[in-house]
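> This is the structure, below, for whatever I ask next.
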Amino acid sequence: MQKTATVDLRSGEQDRLDIFRDRAVSAEEIRLFGILCRLAQGPGGCFAPRRVLARMTGRSTSTINQQLASLKRRGYITISRQGRQSGEPAVIRVVREAREESGFTTKGRRRR
């Protein structure tokens, strides 16, 4: 059974998934979110291992794990495993509404 974060998308300004207006999200988490958007392979998600994400950001894998957990807890991403084996890669999916609200494209740039 896959674990996914649930997101309440009720109407209202405070309930939108706007990562740039969310004061609880750090600049480093926003940077990681942008990298995940860039690496996402459509609805299939991002298959990059955490060590690769750590190398791309210049942070430790422990820091990446904390940032991913924070983004997941806030509803910006979901994380699941493809199979039951512990060696199977985790799939990190950016929640569609969060990506659209952020303006990030799959190329990692913000739309204006």
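Where a number appears in this text, it was derived from the coordinates with a stated rule and is not lab data. These numbers were taken from a predicted model, which means no experiment stands behind them. Every residue, glycine as well, gets a Cβ built from its backbone with ideal geometry; the counts of neighbours run over all protein chains shown.
> Once you list every other residue whose beta carbon is under 15 Å from the beta carbon of S70, what net charge do they have if Lys and Arg are +1 and Asp and Glu are -1? Let's see the in-between values first.
Details: positive: R23, R31, R50, R59, K72, R73, R74; negative: D22, E28, E29.
Net local charge, S70 excluded: +4.
> Output wanted: per-residue J couplings in Hz (rounded whole) for the range 33-40, from phi through Karplus 6.51 cos²θ - 1.76 cosθ + 1.60, θ = phi - 60°, x for Gly and Pro.
Here the 3J(HN,Hα) series is 4, x, 5, 4, 4, 5, 7, 4 Hz.
> Starting at the first residue of the range 55-62, write each ³J(HN,Hα) from the Karplus equation 6.51 cos²θ - 1.76 cosθ + 1.60 with θ = phi - 60°, in whole Hz, x for Gly and Pro.
Here the 3J(HN,Hα) series is 5, 5, 9, x, 10, 7, 5, 4 Hz.
> Moving on to the next point. For a quick check: with amide H placed at 1.01 Å from N, whose amide H comes under 5 Å from A90's, ignoring anything fewer than 5 positions away on the same chain?
So A90 has HN proximity to no qualifying residue.
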